Amino acid sequence: AQSVTQLGSHVSVSEGALVLLRCNYSSSVPPYLFWYVQYPNQGLQLLLKYTSAATLVKGINGFEAEFKKSETSFHLTKPSAHMSDAAEYFCAVSVGGRRALTFGSGTRLQVQP
Amino acid sequence: GAVVSQHPSWVICKSGTSVKIECRSLDFQATTMFWYRQFPKQSLMLMATSNEGSKATYEQGVEKDKFLINHASLTLSTLTVTSAHPEDSSFYICSASKDRTSYNEQFFGPGTRLTVL
């Protein structure tokens, strides 16, 4: 079975600082990996996805993530945080024929002025 | 785009009553829809997967007689919480995918907040 671990339930950065949200996965087969963002009382919006093409994936709002098989990681980064980036971020995985997503526990990003 | 709507966005009901939540794909046909449940400050937990015209597949521990899912068309899935109790209070989120590839993006609805008194 696949799983996702997000290190750090809360991350706080200053506006303009680097954002790094960590995600490690466990899967016995090549995974498909996703990052979603959730604003309060809203559904999830896809930031980016890895589907076995390029290992460095660029997403919306300036976010990107790098798939590292040797480290079983898919960390999310953004060079310069903006106040509007404050939200909950979820890493998710799907494998093989199972199209449902398995989500990590989420990381709440706070951006300080 | 690929827009998924949910109705209602929030609902308050009395214990013992049933509540129906609708999930619609507005501008695409969804071969598969998923229902998730999210408790406060927690992650999303998959409840069931439904394919149009067939019975839903429920995750372990999810009572299929309590959480009735109907996927009658390619644009509509419904979740009915039967005989709701306070412990069923949660944020229910649906998602829809366009085709059957495993990596295909899921498009999420805005969620429905259920409060059972």
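The values are calculated or read from the model by the stated rules, or taken from the named source; none is laboratory data. Being a predicted model, the structure only gives us computed values, none of them experimental. When we count neighbours, we look across all protein chains shown, and the Cβ atoms used for this are built from the backbone with ideal geometry, even at glycine.
Checking each residue in segment B:43-53 for being touching a residue at least 12 places away in the same chain (Cβ under 8 Å) and either over 13 Å from B:T32 (Cα atoms) or within 11 Å of the chain's Cα centre (by Cα) (or both) picks out B:L44, B:M45, B:L46, B:M47, B:A48, B:T49, B:S50.
Yes or no, residue by residue, for (1) in a strand (DSSP E or B); (2) among the hydroxyl-bearing types (S, T, Y); (3) over 28 Å from B:R37 (Cβ atoms):
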{"site": "A:G8", "(1), (2), (3)": "no, no, no"}
{"site": "A:L48", "(1), (2), (3)": "yes, no, no"}
{"site": "A:S70", "(1), (2), (3)": "no, yes, yes"}
{"site": "A:F74", "(1), (2), (3)": "yes, no, no"}
{"site": "A:T77", "(1), (2), (3)": "yes, yes, yes"}
{"site": "A:S94", "(1), (2), (3)": "yes, yes, no"}
{"site": "A:R108", "(1), (2), (3)": "yes, no, no"}
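Being part of a strand (DSSP E or B) and touching a residue at least 24 places away in the same chain (Cβ under 8 Å) is the filter; apply it to segment B:54-80 and report the residue that is nearest to B:L26 (Cα to Cα). Spell out how you get there, then give the answer.
Just the residues of segment B:54-80 that are part of a strand (DSSP E or B), to begin with: B:57-58, B:67-73, B:76-80.
Next, only the ones that are touching a residue at least 24 places away in the same chain (Cβ under 8 Å) stay: B:67, B:69, B:71, B:76-80.
On the way: B:F67: 24, B:I69: 19, B:H71: 15, B:L76: 9, B:S77: 12, B:T78: 14, B:L79: 17, B:T80: 20 Å.
If we take residues in segment B:54-80 being part of a strand (DSSP E or B) and touching a residue at least 24 places away in the same chain (Cβ under 8 Å), then B:L76 is nearest to B:L26 (Cα to Cα).
Quick one: which strands (runs of 3 or more DSSP E) sit completely within segment B:1-50 and have at least 2 residues that are under 12 Å from B:T75 (Cβ atoms) and in contact with a His (Cβ under 8 Å, 6 or more places away or on another chain)?
Working: elements: B:4-7, B:10-13, B:19-25, B:32-38.
Answer list for segment B:1-50: B:19-25.
Of all residues in segment A:1-21, those satisfying the criterion of being at pLDDT 90 or above and crowded, with 17+ Cβ neighbours inside 10 Å are A:V4, A:Q6, A:V11, A:V13, A:V19, A:L21.
Within segment A:63-78, is even one residue at pLDDT 95 or above, under 17 Å from A:Q42 (Cβ atoms) and surrounded by 14 or more Cβ atoms within 10 Å (Cβ to Cβ)? Looking through segment A:63-78, none of the residues is at pLDDT 95 or above, under 17 Å from A:Q42 (Cβ atoms) and surrounded by 14 or more Cβ atoms within 10 Å (Cβ to Cβ).
Only residues that are surrounded by fewer than 18 Cβ atoms within 10 Å (Cβ to Cβ), within 25 Å of B:H85 (Cα to Cα) and not small (G, A, S) were counted across segment B:12-33, and they come to 6.
Filter segment A:79-113 down to residues that are small (G, A, S) and at the interface with chain B (Cβ under 8 Å from one of its Cβ atoms) and give me whichever is surrounded by the fewest Cβ atoms within 10 Å (Cβ to Cβ). Give the steps one after another, and end with the answer.
Within segment A:79-113, the subset small (G, A, S) is A:80-81, A:84, A:86-87, A:92, A:94, A:96-97, A:100, A:104-106.
Within this subset, residues satisfying the condition of being at the interface with chain B (Cβ under 8 Å from one of its Cβ atoms) are A:94, A:96-97, A:100, A:104-106.
Details: A:S94: 23, A:G96: 13, A:G97: 8, A:A100: 22, A:G104: 25, A:S105: 16, A:G106: 21.
Filtering first and then ranking leaves A:G97.
Answer with yes or no whether B:S73 is surrounded by 14 or more Cβ atoms within 10 Å (Cβ to Cβ), modelled with pLDDT under 95 and over 12 Å from the mean Cα position of the chain (by Cα). Steps first, please.
Details: surrounded by 14 or more Cβ atoms within 10 Å (Cβ to Cβ): no; modelled with pLDDT under 95: yes; over 12 Å from the mean Cα position of the chain (by Cα): yes.
Here the answer is no, as B:S73 does not meet what is asked.
Among the residues of segment A:32-49, is any over 22 Å from B:F108 (Cα atoms) and surrounded by fewer than 13 Cβ atoms within 10 Å (Cβ to Cβ)? Among the residues of segment A:32-49, not one is over 22 Å from B:F108 (Cα atoms) and surrounded by fewer than 13 Cβ atoms within 10 Å (Cβ to Cβ), which makes the answer no. Consider segment B:81-117 and keep the residues that are β-branched (V, I, T), more than 8 Å from chain A (Cβ to nearest Cβ) and surrounded by 15 or more Cβ atoms within 10 Å (Cβ to Cβ). The one that is farthest from A:Q38 (Cα to Cα) is B:T82.
Kindly provide the set of residues from segment A:39-92 that are farther than 30 Å from B:S9 by Cα and among the β-branched types (V, I, T), ordered by number. Selection gives A:T51, A:T55, A:V57, A:T72, A:T77.
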